[in-house]
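Structure, as structure tokens:
Taken together, the values in this text are just the output of simple stated rules run on the coordinates, not laboratory data. Because the structure is a prediction, the values reported are computed rather than measured. Backbone-built Cβ (ideal geometry, glycine too); neighbour counts: all protein chains shown.
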Amino acid sequence: MKLLQSFLTAMTLFLAALLVTTGQFYAAALSTFVGLAAATPWSAHHAGMFSANVIADELKLTKVLEYTIMGLRTALAPLRLFSTAVNRNPMGAGNDDDNSVTVPVYGFTSGDAQDRTPGQSYSSKVSNTQTDARKILINKEKVIGLGFTNEQAQNQVHFDPELHGLIKGHDLARTVLQDIFGVVRYGKFPNATIAPLAATAFDHNDVAELAQKCMEADWPQLPRPGLALNPAFHFALLKQPAILDASQSGSTDALRNARVNDIMGFSEVGSNGIPLNNGAAQNFTAVAATDVCTAAGHGFLTGDQLVCTTTNTLPAGLATGTYYYAIKVTNDTFKLASSLANAKAGTAVDITDTGTGTHSIALRTNLVGVAGAPSAIITGFRPVIPTPGIRQKLVNFELVDDPESGLTLEFRHIADEDSGQEYQVIGVHYGYEFGLAEALKLISSPAA
């Protein structure tokens with residue numbers, strides 16, 4: 001294409017010079033105008049017309065990306081409250097050859113302190129100086145388109161590229177947060193917590209009860225445990241007079257910024273990224289003589305919160321609109337307990353008949369919030385660098401670091417020669433797993 005443009009330009013100038021030597025000045029001017037126009041591609045006159053999803057250089061991509069990662073960091077605030085999120089240089093220490101990240105885990109119930117009598121060797125009292133660690137496989141990637149047209153930026157006088165980046169980063173983070181929170185269920189974190197309650201009934205007294213249970217479980221008070229709530233429970237807390245009234249709470253944040261800040265020893269944050277973590281209903285049968293229920297490949301863990309429904313009458317001993325807790329027997333069978341404590345103890349509900357009709361059972365975490373200490377959920381964030389061959393095919397690739405959270409955002413500018421399109425995306429690579437069972441307490445709403 002460039003060779004053709006150069007040829008057309010040279011021929012235009014040659015023809016114009018020839019016309020000038022013969023005195024045809026107007027013809028020379030006209031041929032120069034037409035020839036140079038033909039030699040210049042339409043996209044050069046209309047910048048961005050063929051780059052509908054590409055941010056022009058003059059729009060300061062670096063600044064847009066700075067705001068994008070700010071949105072990412074803000075939306076991931078619940079994750080930073082209680083989990084271990086790490087980011088390492090992709091070529092440096094902390095990463096393993098199998099595309100994983102080794103993450104420290106800070107247990108707090110080990111009880112390693114011992115008595116020492118005078119004269120005893122100190123070395124004999126050292127039983128555990130190692131911090132536990134988990135290997136997190138970086139096997140997840142979330143991406144979102146970032147680009148906007150030059151015409152959009154030029155013709156819409158109020159268009160703000162930085163705000164655009166901020167929102168895109170927030171949207172990306174919300175999907176990451178929902179994915180990571182998907183690991184939260186009672187079967188993985190079967191710990192004492194407050195009873196399920198509706199948002200309208202949730203207040204600072206419930207937070208105080210939760211804080212008491214955390215202290216009784218020997219949770220460290222520094223750093224402060226985190227309290228993450230969905231919007232309904234977050235704003236129910238904000239409406240409490242003791243929090244809303246600055247003369248009582250000592251802060252105007254509740255009224256001005258819709259923020260609770262610290263409450264009952266928790267660092268609280270509201271988020272719309274907390275999923276309910278409910279499951280699809282599956283049919284089951286029950287045997288009265290053994291209390292054993294059967295549902296092929298049910299996937300339940302001991303302690304999982306469940307609800308039952310039926311087309312007619314449930315087996316005697318069970319009721320609709322009531323939470324039961326799974327006691328896993330095999331991959332296809334389970335029993336039901338009336339409480340989380342009974343599930344952990346193996347005490348099942350007494351089922352006295354098989355009922356009538358078709359019975360269904362479903363995981364109903366009904367998650368509305370969590371209280372968590374460090375290492376409740378173990379997460380690892382690690383950028384994945386394109387191979388040299390792929391890198392050469394990219395128009396641009398950049399890593400954007402956030403020193404506050406340690407997160408790294410990946411930016412890719414891709415040109416597809418087959419479709420003739422260019423586009424830009426931002427993304428993150430990460431992995432996660434549930435951490436310490438004792439480091440997370442769930443808050444749920446009533447059974448439905």
Starting from the Cα of Gln114, step 7 Å along the direction of its Cβ; do the same at Val395; then give the gap between the two resulting points in nm.
-> 6.5 nm
With the dipole of segment 178-250 worked out from charges on the C-beta (+1 for Lys and Arg, -1 for Asp and Glu) around the Cα centre, which of Phe189, Leu229, Leu244 lies farthest toward the positive end?
-> Phe189
Check: segment 163-235 dipole with +1 on Lys, Arg Cβ and -1 on Asp, Glu Cβ, in debye | 280 debye
Dipole size in debye (nearest 20) for segment 332-409 around its Cα centre, Lys and Arg Cβ +1, Asp and Glu Cβ -1?
-> 180 debye
Can you give the % of DSSP beta bridges in segment 193-338 that are antiparallel, to the nearest 5?
-> 75 percent
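Of all chymotrypsin sites (Phe, Trp or Tyr not before Pro) in segment 297-364, which ones are in loop regions per DSSP and have a Cβ with at most 13 other Cβ atoms within 10 Å?
On the way: sites: Phe300, Tyr323, Tyr324, Tyr325, Phe334; in loops: Phe300, Tyr323.
Hits after loop and neighbour filter: nothing returned.
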The extension gain from Asp132 to Asp179, computed as 0.36 nm times the residue separation minus the Cα-Cα distance, is 14.4 nm
Inter-probe distance in nm under a simple model that places probes 7 Å from Cα toward Cβ, at Thr290 and Ser419 = 5.5 nm
Dipole check, segment 345-446, charges on Cβ (K,R +1; D,E -1), about Cα centroid: among Gly355, Tyr423, Ala371 the Cα furthest to the positive pole belongs to Gly355
Protection proxy (average C-beta count within 10 Å per residue), highest first, orders 414-420, 252-258, 356-362, 171-177 as 171-177, 356-362, 252-258, 414-420
